[in-house]
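Reviewing the structure listed below.
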Amino acid sequence: MKQYTIKTLISEEKLKERIRELAKEIDRDYAGKEIHLICVLKGGAYFMTELSKYITIPVTIDFMAVSSYGSKTVSSGIVKIIKDHDEPIEGRDVLVVEDIVDTGFTLSYLLEMLRDRKPASLKLCAMLNKPDRRIREVKIDYLGFDIPDEFVVGYGLDYDQHYRNLPYIGSIKPEED
Ligand code: 5GP
């Protein structure tokens with residue numbers, strides 16, 4: 001594996017601080033309820049783990065995996081469900097936890113699909129957002145950070161399956177594929 005230079009965009013401290021704030025917001029908004037988190041794999045895993053640790057209302061978790069066909073750095077708009085959630089969501093307060101909203105294709109597709117399964121409520125929590133890249137409108141109810149149009153890795157986000165384990169978000173300049 002070729003090594004790339006990675007420039008820190010969001011430090012581990014800043015990430016953790018913001019994630020704790022988001023957990024507080026979620027606690028407040030869902031007070032008296034139980035929340036069902038659905039993590040979008042693999043990128044959302046680190047974010048959901050950290051977030052769920054600081055939510056104090058009752059929490060259950062589930063996982064989904066989707067793939068958007070396309071090259072490593074550009075999504076095509078076609079979304080395929082690789083792994084569906086295990087537990088039914090009808091009547092539950094569902095919060096989808098995603099790593100990053102880029103063009104919006106993945107989330108607009110996923111949220112529409114989940115809405116058809118009749119949850120009591122359905123919201124989105126995204127760690128990162130690239131507003132400049134949006135093609136499909138997606139309402140992000142809880143957002144960590146807006147970032148510029150740069151390809152980022154770390155805290156669950158990969159380049160060619162590497163760098164997910166970096167404890168911070170960094171920008172990387174990949175080779176053209
Ligand atoms: P969208 O469908 O919103 O264009 O893309 C969403 C997915 O594309 C994310 O869940 C993520 O897997 C991938 N993606 C978009 N931007 C980046 C990025 O800067 N870095 C990485 N590693 N993945 C990204």
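The values are calculated or read from the model by the stated rules, or taken from the named source; none is laboratory data. Treat the numbers as computed from the prediction; the structure is a model and nothing was measured. Ideal geometry is used to build each Cβ from the backbone, glycine not excepted, and the neighbour counts take in all protein chains shown. Only protein heavy atoms, including side chains, enter the accessible area calculation; ligands, DNA and RNA are left aside. Shrake-Rupley method; radii C 1.70, N 1.55, O 1.52, S 1.80 Å.
If D29 meets every condition in (1) within 16 Å of the ligand (Cβ to nearest atom); (2) surrounded by 15 or more Cβ atoms within 10 Å (Cβ to Cβ) apart from one, which number is that one?
For D29, the exception is condition (1).
Across the stretch 78-109, what is the number of residues that are of a type in the set (D, E, K, R), surrounded by fewer than 18 Cβ atoms within 10 Å (Cβ to Cβ) and within 16 Å of the ligand (Cβ to nearest atom)?
Here the count works out to 2.
Evaluate the following for T56: is it of a type in the set (S, T, Y) and modelled with pLDDT under 95?
no
Take the stretch 126-168 and flag every residue that is in contact (Cβ under 8 Å) with a residue 40 or more places away in the chain, assigned to a strand (DSSP E or B) and within 13 Å of the ligand (Cβ to nearest atom).
Correct list: M127, L128, F145, V152, V153, G154, L157, Y159, H162.
So which residues in the stretch 141-177 are aliphatic (A, V, I, L, M), buried (at least 18 other Cβ atoms within 10 Å of the Cβ) and at pLDDT 95 or above, if there are any at all?
Listed by number, the residues that qualify are I147, V152, V153, L157, L166, I169.
Keeping to the stretch 42-58, report how many residues are closer than 17 Å to V101 by Cα and either surrounded by fewer than 18 Cβ atoms within 10 Å (Cβ to Cβ) or free of Cβ contacts under 8 Å to residues at least 40 places away in the same chain (or both).
Residues that pass the stated criteria total 2.
Show the residue pairs that are 6+ apart or on different chains and have beta-carbon atoms under 6 Å apart, the first residue being within the stretch 97-111 and over 17 Å from F63 (Cβ atoms), the second being near the ligand (Cβ under 6 Å from one of its atoms) and open to solvent by 30 Å² or more (accessible area, probe 1.4 Å).
T103/S75; F105/S75
If we scan the stretch 110-125, do we find a residue that is closer than 19 Å to R18 by Cα and open to solvent by 50 Å² or more (accessible area, probe 1.4 Å)?
Filtering the stretch 110-125 down to residues closer than 19 Å to R18 by Cα leaves 123-125.
When the remaining residues are screened for being open to solvent by 50 Å² or more (accessible area, probe 1.4 Å), the result is 123.
Yes: one or more hits.
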